[in-house]
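The values are calculated or read from the model by the stated rules, or taken from the named source; none is laboratory data. Computed from a predicted structure; not experimentally measured. Cβ atoms come from the backbone with ideal geometry, glycine included; neighbour counts cover every protein chain shown.
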Amino acid sequence: MAFGRLAVISGLVALGCSSRLPAQVDEEPKPKAALLAQAPTETAPIASAPTQTAAPAGRDARSLGSTCNEQAPQEFLVRAHMNRAPISRKDVKESLQRRAQSIAYRTQHYGYYRGFGLPTDNPTSPLKNSETTAFFDIPVVLNRAIIPALKCVEAQLRKECREHAYQPRILSGLRRKNTYFDGDASNHVYGIAIDIDPLDNPCCGCVKPWSSNERCRGHRTSFERMRMPQCWVTVFERFGFYWLGHDVLEDTMHFEFLGDPDRIVTH
């Protein structure tokens, strides 16, 4: 969150950008620091992802003889998670309504995360609805409902972005602990968000050390501040993913699936 630009009314959004390996999905979120937006505070170097000789592949839409529909992120889900502080009572009411609608939708489609929504909407947890898949040969745990979309993204990246070669090293997907502190649930707990190479694609609106990343210096665009090619953002967005580089947090590592999971695969 760009702290100088927002007023605190109903609490600040805390985004937990993880630098951990996919298998580490059960760590506690770090505490808030002076009510500022939350981001990881680890200062230890990030280890490279282990080399996998046979990484689990999950469900591959192509192997099922299927292709993916192109779709934009759903507007009501985007608006529900935009990091904008409400400025009036009407804004607060509308924000809470959007949040409730978003939580109900995610519960129904991805699982019930304790404390958010109703277990009657979906008795199964996001953790039980998730599995290990591979993205560019690196394992990551995600909700199985969106794995076909990620597979189609990878296929298109390999096809369309070959002139801008990029090989991810570290991925973070599902988390067991919520890293939001404003009454909402992070999309990571639903297994529908993925972070790619946090040090190379920083969150320049997060707290230190992330905002201290040398890539955040200067008045550059979000695209210029990351190592990941802009082509990658374009492809992800065609298949229902929203890129938080558009947000005031400028979280360039983070993609979350906000499309319709029922429209991912075309048989």
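Numerical summary
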{"item": "Members of region 125-142 found to be of a type outside the set (Gly, Ala, Ser) and free of Cβ contacts under 8 Å to residues at least 60 places away in the same chain, listed by number", "result": "128, 135, 136"}
{"item": "The lone exception for residue 196 - which of (1) farther than 19 Å from residue 78 by Cα; (2) in contact with a Lys or Arg (Cβ under 6 Å, 6 or more places away or on another chain); (3) β-branched (Val, Ile, Thr) it fails", "result": "(2)"}
{"item": "Given (1) buried (at least 16 other Cβ atoms within 10 Å of the Cβ); (2) out of contact with any Pro (no Cβ under 9 Å at 6 or more places or on another chain); (3) farther than 27 Å from residue 134 by Cβ, index of the condition residue 217 fails", "result": "(1)"}
{"item": "Verdict on residue 263 being surrounded by fewer than 15 Cβ atoms within 10 Å (Cβ to Cβ) and either modelled with pLDDT of 95 or more or within 11 Å of residue 149 (Cβ to Cβ) (or both)", "result": "yes"}
{"item": "Answer residue from region 85-111, given it is loosely packed, with under 15 Cβ neighbours inside 10 Å and in a loop (DSSP other than H, G, I, E, B) and is modelled with the highest pLDDT among those", "result": "88"}
{"item": "Every pair of residues 6+ apart whose Cβ atoms lie under 6 Å, when the first sits in region 99-112 and is in contact (Cβ under 8 Å) with a residue 60 or more places away in the chain while the second is aromatic (Phe, Trp, Tyr)", "result": "103/116; 106/190; 110/190"}
{"item": "Selection within region 136-155 - part of a loop (DSSP other than H, G, I, E, B) and in contact with a strand residue (DSSP E or B) (Cβ under 8 Å, 6 or more places away or on another chain)", "result": "144, 146"}
{"item": "Single residue of 158, 169, 114, 176 found to be surrounded by fewer than 21 Cβ atoms within 10 Å (Cβ to Cβ), in a helix (DSSP H, G or I) and among the basic types (Lys, Arg)", "result": "158"}
{"item": "The one condition in (1) more than 24 Å from residue 238 (Cα to Cα); (2) free of Cβ contacts under 8 Å to residues at least 40 places away in the same chain that residue 154 fails to fulfil", "result": "(1)"}
{"item": "Those residues of region 234-251 which are crowded, with 19+ Cβ neighbours inside 10 Å and either in a strand (DSSP E or B) or modelled with pLDDT of 95 or more (or both), in sequence order", "result": "235, 236, 237, 239, 240, 241, 242, 243, 251"}
{"item": "Candidates 264, 194, filtered to the one that is under 30 Å from residue 122 (Cα atoms), β-branched (Val, Ile, Thr), in contact with a His (Cβ under 8 Å, 6 or more places away or on another chain) and touching a residue at least 12 places away in the same chain (Cβ under 8 Å)", "result": "194"}
{"item": "Every residue from region 58-84 that is modelled with pLDDT of 80 or more, in contact with a strand residue (DSSP E or B) (Cβ under 7 Å, 6 or more places away or on another chain) and in a loop (DSSP other than H, G, I, E, B)", "result": "69, 70, 73"}
